[in-house]
Amino acid sequence: MAIVSTFEESLQKAIRSADPSFAGFAPLAGCMPETDAELDEALRNPTDRRLFHLAYAMLERNYSVERLHELTRIDRWFLYKLDNICAQHRALCDPHQTLQTLGRAQLEAAKRMGFSDAHIARLLSAAGKAAVGEDAVRSVRQSFGLRPFAKRIDTLAGEFPAPTNYLYTTYNASTDDVSFDEHGTMVLGSGVYRIGSSVEFDWCGVSAIRALRQLGHKTVMVNYNPETVSTDFDECDRLYFDELSYERVRDIYDMEQAGGVIVSVGGQLPQNIALRLHQNGMRVLGTSPEKIDAAEDRHRFSRILDEIGVDQPAWKELVSVEDAEKFAETVGFPVLVRPSYVLSGAAMNVAYDCESLRRHLQLASDVSPEHPVVVTKFILGARELDIDAVAYKGELVVHGVCEHIEDAGVHSGDASLVLPPATLPAGVMDRVREIGGRVAKAFEISGPFNMQIIMQPADDGAEPLLKVIECNLRASRSFPFVSKVTDTNFIDAATRAIVGEAVPAPRDLMQNADKWPYTAIKVPQFSWTRLAGADPFLGVEMASTGEVACFGRTPQEAYLVSLLAVNGFRLPQPGKAVYIGVDDLTEQRVAQKVARHFAQAGYPILTDCPETARLLGDAEVVKFDYADRRGMRDAVDASKIDLVINLAKRRPEDKANRDYAMRRMAVDFGIPLVNDQRCAEMLVDALEALPAGTATALYG
Amino acid sequence: MVSPMALLARTLASAADTPLSARPLHAHYPVVPGSLTAHLQLRTGEVFTGGSFGASTATIGETVFTTSLVGYPESMTDPSYRGQLLVFTQPLIGNHGVPRRTRDQYGILKHFESEKIQCSGIVVGDYATKYSHWNAVESLSEWCEREGIPAITGVDTRALVHILRGQGSTLGSLSVGAQPIDSAKIAWSDPNVENLVAQASTTEVRVFNPDGDVHIALVDCGAKNNIVRSLCDQGARVSLVPWNYNLSASLDSFDGIFISNGPGSPSHCTEAIAQLRHAFEVYQRPIFGICMGNQLMGLAAGIDVYKLRFGNRGHNQPAIDLTTGRCVITSQNHGYALDDSKMPAGWDRLYVNANDGSNEGIRHIEKPFRSVQFHPEARGGPLDTAFVFADFVNDVRAAKLAGVAATAHAELAAEPAQAAAAAA
């Protein structure tokens, strides 16, 4: 959401806010169909990309407003306004228009139309002109004395005095509504909610503000997402409902002459501009952005781990496809391909062979072209631990350790987190703390950080290997969960560490974790039904849209109540059937255990092929004709399937895959789905742990 | 020269939420090359330079703002805006162009509140150079040019409102040219010293809906078209009479009297006030007033009137009905108000503004005389109070059916009945 008093500036601001890779109202890669017919078709159908098709049609294909109106049926008023943006776009692209010849009025007109400095720089660098950088536009703009003005949002146009602290910035103004004498501490919010960056970072932002206010600091929040609590103006001293771009954050920082800026509680978005803010003289509080950068950069991060003697999976920064292949063959498939500077594992993939390796490398470099791609050894069958921690001047203050129920390789946002961990061998907890301490020291952390560690059982019964696979020097999505389970607000501690005031004394919250009278488990909530055609499969790229956490006296109890609290999950009704699928990587023991349990509980066991039927013992083969969309409903009803357990581990290459079909069938027909073998086993254990006869009370 | 008191008031008003600058503001807007530049200059020194989209002329008026979000064609043709530079706080103006001049079954313009633009000039934040509406026949710019009204876009109207709120409605000059006019050379003249009502009023009697079953005298102080229409829609025959019409001579011929809205200060309308004072003494049938009508009736009843600092203009003014406690959302446009702190004998407050406590209406305790400060006819604005027209015409009709005489002297027989009703 963007607030401005003109349509053009507001729209461009909103577009940029939706994704920082969008320049504004401008053509976008992937939204430039070649033929008129394709373009017309794209324009006729409202999608989330139509705005970019419009920009392409107007700017590159010279479609008239009239033609666009006929195609889109969008009211001409909007199209005229878009045309205003296009006129400005063309003026900046003009071969004779350079940064040197750009007058104050022209630049101001562009800013009033909502063009960002970076976008202006790009247009001034259009074909045949010398390249211009964002900072060059910024300094010319500043030499003209051009900056956005801060306006206040009240309910009635300023007719009555309304001393609200709810602000936005705009170039379509002549005065500021406020004076800048508070010099508050800025907190950068979470921005847009999407899979992987959601309300958990809003909780972190709000908790940071509350901590700062408690410490007596004036606070300035910057965020543009209306569904957040951080954009409730009573949470902070000043709320800028504005972009989280480098340009705007810096403008606000300069206007407010802020005392400093906190970048580590809003997720990846603020993190990505931290280094530039730091390099341009802004006081980034807490862990140095140089260190944040070192941790984000896979190459530098891995080198530092090597230096401090912390183990990690074998890794290599990609130089060429051939190199990557050679590396993969040396360490052995599977390998994990991942770009730097991404949240929620975007474009992160496991490659089981050379062909998929090549495909994933391309995807990774598309997603993050400015940062190197790293290939690491992917360890099968290992456990994964999540460490959320706060350090002050390189010393651990508090930390929490969660264990994933799923094997390592499922994105931590999609994994079921157990706190305290239930299956750690003796000594592991202390070693994890030791690793956390070393990392905190190496990166001189003051503030929150999060690590994922893989626990790989050693062959000879020795202590398991602990390998760090990821570290982010910021709050993570599990901070609220860990804070609530340990009754210790990690962000409060982190904020105090960031500003270096009233930092709590170090405390090992996990010291007696095995003696806690309870366990809490956080399980993911998926929205597969909303993602037509998506594969309900757990992998390294995050897919869940929410989470549920419950307490229990035992891990089994906590897991069962958490799972039952997930929207769409229920236990199969008596008389109904359980449908089970496996692939060649599934552990046969688990499949058999699950089948045996449900069979003994009186459910017919169904499966999709004779081989699996043989594996499961006494199972009936039921095949569906997925192409027959009409007949599917009747066929599914007739089969009486009320729970689908798909234990396949390979991510399918295409939609012809029968495991994909089974999972999708479950989702499409509202049948509860268990799609991980550890989770399936945990579910069976939890059901078997129930006192005899009580399970019936839980049937959906 | 600004008085020390005015300066103090301005400081107090703006201290709460607006930083003060030492020098008067001169705001610039990057006017599109090839377009004309316009300047809004306040008498207090502030200058807003923007783009011109109206007539290339210069004008002086009282700078007032309206917070209405819709209805610029209605507002601009509202005679109550006569002599004023109208600032729209809604930043996007001109979106739907200007509608065609269709007339309804009474011969009244459907989409305008009078025959021409009444305000002296308009001030907007972001003029839509291209409009989009099925009923539009020209752009706002073309309309302004055709009617000789200057218009300026690119003004930070929020900043302007802060200034006006602080120092009150201020005289302004709107001119088109490369440079602002030398402030010392502007011949400032306050339109409120003129009798604007006389300028806005009809000079001859005009009859609408001649077949109506009750006959209402609509005293035209600058009546909006929708007042005429609202009365006609209730089945009344409406005689639109000049503001200074000799009602006393023809009280018998009207079943009810209705005083319209109008521009400027009510204090110039001494003739109308005298007519009303006499009517209050002798007339027994319903009298109703809107806006200026409320002020004239108040003055005739003996209530003082004062100028509001910056007026109430907009479409979401809350007024509380003091007889029921109900709050209604109203359309308003007035710079003067009745001082209802002391009510004369026989009169009571009817409505009060929930925001600033200013008077929103009065009523006679015994006789069917009442008035409202707000605009129940809307255009634009909410229709929440449209019921007042039905109530008024029903009262008129009931009185006619009951045979209520126009004046007490004409039919003494009516008196005992009334006295009995009052006693009950």
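The values are calculated or read from the model by the stated rules, or taken from the named source; none is laboratory data. The structure presented is a predicted model; accordingly, all values stated were derived computationally and were not measured. No Cβ is skipped: glycine too gets one built from the backbone with ideal geometry, and neighbour counts run over all protein chains shown. The accessibility values were calculated without ligands, DNA or RNA, using every heavy atom of the protein model including side chains. Shrake-Rupley method; radii C 1.70, N 1.55, O 1.52, S 1.80 Å.
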Suppose the filter is modelled with pLDDT of 95 or more, under 25 Å from B:VAL219 (Cβ atoms), more than 14 Å from chain A (Cβ to nearest Cβ) and buried (at least 18 other Cβ atoms within 10 Å of the Cβ); does B:GLN105 pass it? no
Residues of region A:660-679 being more than 26 Å from the chain's Cα centre (by Cα) and assigned to a helix (DSSP H, G or I), in sequence order, are A:ALA661, A:MET662, A:MET665
When every residue in region A:131-158 that is hydrophobic (A, V, I, L, M, F, W, C) and free of Cβ contacts under 8 Å to residues at least 24 places away in the same chain is compared, the one surrounded by the fewest Cβ atoms within 10 Å (Cβ to Cβ) is A:ALA131
All-but-one check, A:ASP83 against (1) facing another protein chain (nearest Cβ under 9 Å); (2) among the acidic types (Asp, Glu); (3) free of Cβ contacts under 8 Å to residues at least 12 places away in the same chain, failing number (3)
Restricted to region A:531-556 and to residues being touching a Ser or Thr at 6+ places or on another chain (Cβ under 8 Å) and outside any loop (DSSP other than H, G, I, E, B), the residue most open to solvent (accessible area, probe 1.4 Å) is A:PHE551
Across region B:351-403, the tally of residues that are within 14 Å of chain A (Cβ to nearest Cβ) and surrounded by 16 or more Cβ atoms within 10 Å (Cβ to Cβ) stands at 2
Only unsatisfied item for A:TRP77, checking (1) within 14 Å of chain B (Cβ to nearest Cβ); (2) surrounded by 12 or more Cβ atoms within 10 Å (Cβ to Cβ); (3) more than 29 Å from A:PRO226 (Cβ to Cβ); (4) not small (Gly, Ala, Ser), is (3)
Restricting region A:98-116 to residues that are away from chain B (no Cβ under 13 Å) and without any contact (Cβ under 8 Å) to a residue 60 or more places away in the chain, the one most open to solvent (accessible area, probe 1.4 Å) turns out to be A:GLN100
Expected output for region A:2-17 (first residue among the aromatic types (Phe, Trp, Tyr), partner surrounded by fewer than 20 Cβ atoms within 10 Å (Cβ to Cβ) and assigned to a helix (DSSP H, G or I), Cβ below 8 Å, 6+ apart or cross-chain) is A:PHE7/A:PHE78
Exercise for the section: Please tell me if A:ASP508 is among the acidic types (Asp, Glu) and in contact with a Lys or Arg (Cβ under 8 Å, 6 or more places away or on another chain). Expected result: yes
I'd like to know if region B:163-174 contains one or more residues that are closer than 30 Å to A:THR155 by Cα, open to solvent by 10 Å² or more (accessible area, probe 1.4 Å) and not assigned by TED's automatic domain parsing to the domain that holds B:GLY51.
no
From the option list B:ASP213, B:ASP220, single residue qualifying as acidic (Asp, Glu) and buried (at least 20 other Cβ atoms within 10 Å of the Cβ) is B:ASP220
Checklist line | Test for B:ASP255: is it at pLDDT 95 or above and either under 21 Å from B:ALA386 (Cβ atoms) or surrounded by fewer than 19 Cβ atoms within 10 Å (Cβ to Cβ) (or both) | finding: yes
| query | Has region B:120-132 got any residue that is among the charged types (D, E, K, R), within 14 Å of chain A (Cβ to nearest Cβ) and without any contact (Cβ under 8 Å) to a residue 12 or more places away in the chain? | reply | yes
* Would you call A:PHE180 facing another protein chain (nearest Cβ under 9 Å), in contact with a helix residue (DSSP H, G or I) (Cβ under 8 Å, 6 or more places away or on another chain) and open to solvent by 10 Å² or more (accessible area, probe 1.4 Å)? -> yes
If you go through B:GLY71, B:GLY50, B:GLY54, B:GLY45, the only one that is open to solvent by 30 Å² or more (accessible area, probe 1.4 Å) and of a type outside the set (Val, Ile, Thr) is B:GLY45
